[in-house]
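Student: The structure under discussion is supplied below as structure tokens; questions concerning it will follow.
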Amino acid sequence: MIPAALIAAALIQSAPATSDDPSSAWWERLEALCGQAFEGQLHRAPDGDDSLSGQRLIMHVRACEPDRIRIPFVVGDDLSRTWVLTRHEDGAIELRHDHRHEDGTEEDATQYGGVTVSPGSDFGQIFPGDHVTTARLPTSWQNVWLMEVHPGERFVYHARRVGTERAFHAEFDLAVPVDAPEAPWGWED
């Protein structure tokens, strides 16, 4: 059986690019959402993990700088999570998961993620787990994250532990912006 993350990677890598620089095109699609918030739905969670079930999910493309975009991911009243994307000079894009306690201090499991190893496509980027992830979460070294931006339609966040059935999948409706949530824990407004 081929893991879903590998299938997704193959689809993104084989998808026809509509630009000469797919990672920049993807970044521009994400930048176009800056300042907006969108509601999402959970499509899959790891077995036994119901921490997101029945909760309102909001992504807020809150802070955009030329080479860094920060997207708080709000689960119900929990303001602890932010996806941090950083664009490097070589074209690679880095994903970090910034997790905070209510007092703003970092949680033990934070700053994990990965860096793209290919240009991806105009609509999707794949982030394989890296050495930071291995150091922070030793059992998660085989994690792979996928983010897709389909303008006016949906934003997809998918995480998969390759070689297992452990997966998380949420989709956010880009056609209907919602009111922005409060600032994430540890942020200044």
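Student: Looking only at the stretch 20-41, filter to residues that are open to solvent by 30 Å² or more (accessible area, probe 1.4 Å) and under 13 Å from Asp173 (Cβ atoms); which one of those is modelled with the lowest pLDDT?
Tutor: Within the stretch 20-41, the match that is modelled with the lowest pLDDT is Gln41.
Student: Which condition number in (1) within 21 Å of Arg100 (Cβ to Cβ); (2) within 17 Å of the chain's Cα centre (by Cα) is the one that Gly186 fails?
Tutor: (2)
Student: What's the number of the only condition in (1) among the charged types (D, E, K, R); (2) in contact (Cβ under 8 Å) with a residue 40 or more places away in the chain; (3) closer than 18 Å to His150 by Cα that Glu28 fails to meet?
Tutor: (2)
Student: Output the strands (runs of 3 or more DSSP E) that fall wholly within the stretch 76-189 and possess 2 or more residues being without any contact (Cβ under 8 Å) to a residue 24 or more places away in the chain and surrounded by 14 or more Cβ atoms within 10 Å (Cβ to Cβ), or say none.
Tutor: Working: elements: 78-87, 93-99, 112-115, 124-128, 143-150, 154-161, 167-178.
Correct list: 78-87, 93-99, 154-161.
Yes or no, residue by residue, for (1) over 23 Å from Glu188 (Cβ atoms); (2) of a type in the set (A, V, I, L, M, F, W, C); (3) touching a Lys or Arg at 6+ places or on another chain (Cβ under 6 Å):
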{"residue": "Ser24", "(1), (2), (3)": "yes, no, no"}
{"residue": "Pro46", "(1), (2), (3)": "yes, no, yes"}
{"residue": "Asp49", "(1), (2), (3)": "yes, no, no"}
{"residue": "Arg68", "(1), (2), (3)": "no, no, no"}
{"residue": "Glu89", "(1), (2), (3)": "yes, no, no"}
{"residue": "Ile93", "(1), (2), (3)": "yes, yes, yes"}
{"residue": "His101", "(1), (2), (3)": "no, no, no"}
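Student: Go through the stretch 66-75 and report how many residues are under 16 Å from Arg29 (Cα atoms) and in a strand (DSSP E or B).
Tutor: Residues of the stretch 66-75 under 16 Å from Arg29 (Cα atoms): 66-71.
Checking the rest, the ones that are also in a strand (DSSP E or B) come to 68-71.
Here the count works out to 4.
Student: Based on what the data block shows, is Ala170 more than 14 Å from Trp26 (Cβ to Cβ) and out of contact with any Lys or Arg (no Cβ under 9 Å at 6 or more places or on another chain)?
Tutor: Values: more than 14 Å from Trp26 (Cβ to Cβ): yes; out of contact with any Lys or Arg (no Cβ under 9 Å at 6 or more places or on another chain): no.
It is false that Ala170 is more than 14 Å from Trp26 (Cβ to Cβ) and out of contact with any Lys or Arg (no Cβ under 9 Å at 6 or more places or on another chain).
Student: Tell me which residues, restricted to the stretch 43-65, are touching a His at 6+ places or on another chain (Cβ under 9 Å) and either in a loop (DSSP other than H, G, I, E, B) or among the polar types (S, T, N, Q) (or both). If you could, list the steps in order and put the result at the bottom.
Tutor: Let us first name the residues in the stretch 43-65 that are touching a His at 6+ places or on another chain (Cβ under 9 Å), namely 43-45.
Selection gives Ala45 alone.
The values are calculated or read from the model by the stated rules, or taken from the named source; none is laboratory data. Note that this is a predicted model, so its numbers are computed, not measured. Neighbour counts are summed over all protein chains in view; Cβ atoms, including those assigned to glycine, are modelled from backbone coordinates with ideal geometry. Only protein heavy atoms, including side chains, enter the accessible area calculation; ligands, DNA and RNA are left aside. Shrake-Rupley method; radii C 1.70, N 1.55, O 1.52, S 1.80 Å.
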